[in-house]
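To start, the structure under review is shown below, and the notes come after it.
Derivation of every value follows stated rules applied to the coordinates shown; laboratory data play no part. What you see is a predicted model, and the numbers here were worked out from it, not measured in a lab. Every residue, glycine as well, gets a Cβ built from its backbone with ideal geometry; the counts of neighbours run over all protein chains shown.
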Amino acid sequence: MVWNGFSEKRLAELYGTHRQPMATAARSLRALVKRTIASIEDRTLVRVELRAVRIKTLASLTRKAAKHEWAPDHALWFCRDLVGCRVVCNNVEDAYRFVELLKESLPVFPRTIELQDQIIAPNSAGYRALHLNFSLDVGNHPFSSTLIPCELQVRTRLQDAWAELSHDDIYKADGLTDDLRDRLGDLALSLATADRIASAIRKKVTAVVTPSKTQPNLSQITTDGLAHIFSHVFGRSPPGYLIQQAYDRAVELALTSLTAVATIVENPLFRRKAAEAYEMIMPVPISNEELFLSAINAGAEGEDRALAQLSRDAARQWAEIDQTARNEALSDLPADIEEFCEAIEAYDGEGDILAWSSALDTTRSCLVCGKDIVDPYSFAEAAVSHYQADEEFHERIEAGVMSSSVDTGGESGGSLCSYHDDQQRKDD
């Protein structure tokens with residue numbers, strides 16, 4: 001195929017040279033989204049899941065470049081979803097909130113962000129989502145940039161259900177009959193109505209509780225007393241669901257007075273210890289809500305046990321975020337270990353192995369330049385475990401990685417790429 005004077009072969013060559021940067025961008029995007037999910041104020045109420053991170057295939061890129069008549073030398077930049085990610089939220093409000101949090105988390109440079117709001121303006125078939133387009137810099141040198149275009153799709157669960165029920169891309173098909181398009185539209189409208197009902201429920205649940213103007217009796221367990229403490233310490237009225245959650249926890253722990261809770265939550269030393277315990281696990285600061293609930297625990301069981309519980313809660317929250325993301329990444333691996341081995345042996349480039357290594361959590365970064373490094377032994381071990389395969393595949397996978405162009409690190413086995421490991425040994 002040739003268009004604009006360039007061949008499909010040229011696009012394939014460019015795609016091959018960009019596989020490693022694309023794999024790095026996919027890993028960076030996954031980490032960025034996971035951190036953003038962790039920064040949501042109350043994950044017990046707001047459920048956000050990372051559903052997929054994928055690199056556009058060469059076949060898909062070729063079709064898109066041909067459709068838009070992009071010159072192959074420009075196609076990897078013009079394709080705004082070269083690396084794509086899908087996030088699913090409970091409610092429309094959560095989708096918009098997540099987009100704002102992600103925008104705040106993006107690197108300072110570049111900050112060119114395009115938002116397509118297809119919730120307010122769905123397409124003719126009824127597709128609804130927020131699309132966020134930006135580029136991630138995965139260059140390994142402070143003075144050089146390698147920008148990879150990324151697209152983040154944020155949907156509610158019901159919007160995602162519509163995409164799944166309509167087989168995702170059916171609405172894009174050429175020659176779609178008017179009747180089928182109308183039925184897809186009817187389904188989209190029904191689910192959009194359900195989304196509005198869910199939003200109304202969410203609005204009632206999150207309505208703030210304004211404490212009474214008079215000082216409550218803290219020797220008793222009351223919702224007004226809890227609201228008063230939160231408002232006094234954090235300078236804002238708390239949401240109703242938090243106060244109900246705090247009240248239920250206080251009753252469950254047989255707490256008889258709120259006096260100790262008020263003292264604990266105001267104590268700078270407790271707040272610092274709580275922040276340290278939480279942030280040792282979660283990659284974001286502790287929220288006022290988490291801090292408040294931890295003070296309830298401390299008032300009933302003592303500070304040491306409350307801090308231990310806070311660490312356990314943080315570990316559970318991060319494990320849920322990480323496991324959802326990992327499950328989606330693992331779903332992109334080949335169907336069986338034989339296909340996995342054949343792909344590694346047939347392809348000597350970096351991109352596929354790096355993407356699979358990231359999914360199997362066996363990739364590390366050079367401490368000097370940030371280049372992705374794959375340990376062949378750990379990679380093979382993780383793959384054999386994932387496929388529950390015989391150990392005979394271990395050596396085959398390890399040999400395939402060693403014969404590829406993937407950087408497997410230096411002879412010292414530390415967190416340095418082969419180049420910087422060699423430089424360090426020369427200096428020594």
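If you take the Cα Rg of region 337-427 and divide it by 2.2 N^0.38 Å, with N the number of residues, what do you get? Ratio of Cα Rg to 2.2 N^0.38 Å: 1.08. Alpha-carbon geometry of the chain: the Rg and the Dmax are 25.6, 82 Å, given in that order. Put in line by how crowded their Cβ is, counting other Cβ atoms within 10 Å and starting with the fewest, HIS18, HIS228 read HIS18, HIS228.
Considering only the Cα atoms of region 220-366, their convex hull presents on average a projected area of 12.2 nm².
Can you pick out the pairs among LYS9/LYS371; LYS67/LYS371; LYS103/LYS273; LYS371/LYS426; LYS34/LYS67 whose Cα atoms lie more than 24 Å from each other? In this structure, LYS9/LYS371; LYS67/LYS371; LYS103/LYS273; LYS34/LYS67 exceed 24 Å between Cα atoms. In terms of surrounding Cβ atoms within a 10 Å radius of their Cβ, HIS68, HIS394 rank from fewest to most as HIS68, HIS394.
Quick one: divide the alpha-carbon radius of gyration of region 184-247 by 2.2 N^0.38 Å and tell me what you get. Please list the in-between numbers first.
Values: Rg = 17.3 Å, N = 64, 2.2 N^0.38 = 10.7 Å.
The value comes to 1.62.
Under a GNM of the chain (C-alpha, springs under 10 Å), which listed residue has the highest mean-square fluctuation: ASP248, ASP160, ASP195? Between ASP248, ASP160, ASP195, it is ASP248 that shows the largest mean-square fluctuation.
Rounded to two decimals, what ratio of Rg to Rh does region 140-291 give with C-alpha atoms and a Kirkwood Rh? Don't skip to the answer; put the middle values down first.
Numbers: Rg = 24.2 Å, Rh = 20.3 Å.
Reported Rg/Rh (Cα atoms, Kirkwood Rh): 1.19.
Using a Cα-Cα cut-off of under 19 Å, which aspartates and glutamates could be cross-linked to LYS203, ignoring same-chain neighbours fewer than 8 residues away? The reachable aspartates and glutamates, counting only those whose Cα sits under 19 Å from LYS203, are GLU41, ASP42, GLU93, ASP94, GLU100, ASP195, GLU289. Cross-link partners for LYS64 among the aspartates and glutamates, with Cα-Cα distance under 13 Å and sequence neighbours closer than 8 places in the same chain left out: GLU8, ASP81.
Based on DSSP H segments of at least four residues, each scored -39500 (n - 2.57), the chain has a per-residue ellipticity at 222 nm of -17500 deg cm²/dmol.
Using Stokes-Einstein with the Kirkwood hydrodynamic radius over Cα pairs, what translational diffusion coefficient do you get for region 11-85 at 4 °C and a viscosity of 1.567 mPa s, in µm²/s rounded to a whole number?
My calculation gives 93 µm²/s for D.
Compute the distribution of all C-alpha to C-alpha distances in region 1-160, in bins of 10 Å from 0, and list the percent of pairs in each, rounded to whole numbers. In whole percents, the pair-distance histogram is 10, 36, 33, 17, 3, 0.
Comparing ALA207, ALA250, ALA382 in a Gaussian network model of the chain, where Cα atoms under 10 Å apart are tied by springs, the biggest mean-square fluctuation is seen for ALA207. Cα-based radius of gyration for region 17-56, normalised by 2.2 N^0.38 Å, reads 1.44.
Among LEU11, LEU115, rank each residue by its count of other Cβ atoms within 10 Å, from fewest to most, as a rough exposure measure. Could the numbers behind the result be given before it?
Working: LEU11 23, LEU115 15.
Lowest to highest Cβ neighbour count: LEU115, LEU11.
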